[in-house]
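Trainee: Attaching a single structure in structure tokens format; questions to follow.
Rule-based calculations on the coordinates, nothing more; no lab input. Keep in mind it's a predicted model, so treat the numbers as computed, not measured. As a convention, Cβ positions derive from the backbone with ideal geometry for all residues, glycine included, and neighbour counts pool all protein chains shown.
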Amino acid sequence: MPGSVQPSAAVADDVASSPVAVSGPAHLLRLTLLMAGSCLPILGAVLIAPVLPKMQDHFESTPGAKALVPLALTTPALALALLAPFAGVIVDRLGRKRLLIVTTLLYAVFGTAPLYLDSLGAIIASRALVGLAEAAIMTCCTTLIGDYYSGHRRVKYLALQTMCSSASATVFFVIGGAAGSAGWRVPFWVYAVSLVLAPLMATALPNPAPRATVDELPAEAAPRRVFPWRQLRGICALTFFGAMVFYTVPVEMSYLLDDLGVKNSGVIGLATAVSSAATVGGAVTFARLKRSPSSMLPAVLALCGAGFGVMFLSGTAPLLVIGAVVNCVGTGMLLPALLTSAMSRLAFEHRGRGTGLWMAAFFGGEFVCPLVLLAVQSAVGSLAGAVGVLGLAAALVAAGLFAARRRTGAVAPRPLPEQTA
């Protein structure tokens, strides 16, 4: 696997001027809309988490409710993972902007459906449709960032996308908890926010056009236009693993603290918030480093593994939090590094499909993360031990990537090109 994700000539990406303005009010509005759209799938993932107990009470007479109610939370992520590749194909065929506007409107329709549905099965079905809309929205927003920007500016905004997504998770969790105090259905009203975003996207987002890159062959060189399955396969496999690394701390932190005797929910919440802030800090750091994303992956994965190692060895809550912070700084850099590496290998006509495949790998890794840790925990006897095993795996993957880079002679990382505009 590591050998197949080495930086190619395409990693430097294009140095052509951005096809859209990169300053001024129009630029800020466009960027704000893309970031807001990228946060909608995060809203779907965490908004109703605080009201699951109330949903459980409401549907307690429904057979299998104990297993079915949590599916209302996880079904969108699973649907997104399964459907993102198909969304990517549609993006390339129908156009990014058109699909984004339509699915942003549908997001509100499907997301607010539980306000009037009384069947738990119907609610779960509506959540699957939310995942369908999320797959298209996330693929479109990420693809448009790749279309509008290039070089270091693209890296910067993909890192900003990660930062906004990480920060929004905490915000949506608080909103869901506050709205849920008025009833388990109330948080679903928040999905209607996409009705405000859709018309703004229709007016403020320009239709992207293909543009040549310095690394592309002439138009008559047809083989250059073949979809880069081989290169993207390695990136997607690494992304699937990276998603498990990324989601371990957010998903398991409260359980790890509980194992150390920390029962106070306020302390657990503070520890989780500190870890989330570290993820944002990692994304900001990545955006400021003008280096090839692929060349940074070994060091970033090693940092993630080191954080897991500290968490495994910690016997106190403060040391556990320190390890989590180290890990989250790494994961904040890991996600944009993987995404930018994938983007740099995709021509315009393949960018939607490639982004969809990347999204499927990432959200698939997110979905299996707790299942894998549970299986490893059963084998080694403790959750901390499972985290330690994952840290060792991250270190081994980092070593493999570094060794593969040395074999190909890519020892000296290349800086990303600056924009000419």
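Trainee: Packing-wise, with mean Cβ within 10 Å as the measure, how do 73-82, 326-335, 393-402 rank, highest first? Kindly include the intermediate steps, with their values, before the conclusion.
Mentor: On the way: 73-82: 21.5, 326-335: 27.5, 393-402: 19.1.
The peptides rank, most packed first, as 326-335, 73-82, 393-402.
Trainee: Convert each backbone phi in the stretch 144-151 into a coupling constant with the Karplus relation 6.51 cos²θ - 1.76 cosθ + 1.60 (shift: θ = phi - 60°), then list the ³J(HN,Hα) values in order as whole Hz, x for Gly and Pro.
Mentor: After applying 6.51 cos²θ - 1.76 cosθ + 1.60, I find 5, 4, x, 6, 6, 10, 9, x Hz.
Trainee: Can you pull the one-decimal nm distance between simple spin-label points at Arg93 and Val193, each 7 Å off the Cα toward Cβ?
Mentor: Spacing of the two 7 Å Cα→Cβ label points: 3.3 nm.
Trainee: Show me 107-117, 62-72 ranked by packing, highest mean number of other Cβ atoms within 10 Å first. Write out the running numbers ahead of the final one.
Mentor: Details: 107-117: 19.7, 62-72: 14.9.
Final packing ranking: 107-117, 62-72.
Trainee: Need one number: nm distance between label points at Asn207 and Glu349, each 7 Å from Cα along Cα→Cβ, rounded to one decimal.
Mentor: Simple spin-label model gives 1.7 nm for this pair.
Trainee: Now, a different point. Among 53-59, 382-388, 313-319, how do they line up by average Cβ neighbours within 10 Å per residue, starting with the highest?
Mentor: So the order, starting with the most tightly packed, is 382-388, 53-59, 313-319.
Trainee: Follow-up question, since we're still on this one. Say a paramagnetic label sat at a point 7 Å from the Cα of Leu200, along Cα to Cβ; which residues of the stretch 25-53 have their backbone N under 19 Å from it?
Mentor: Only 25-44 fall inside the zone, counting backbone N under 19 Å.
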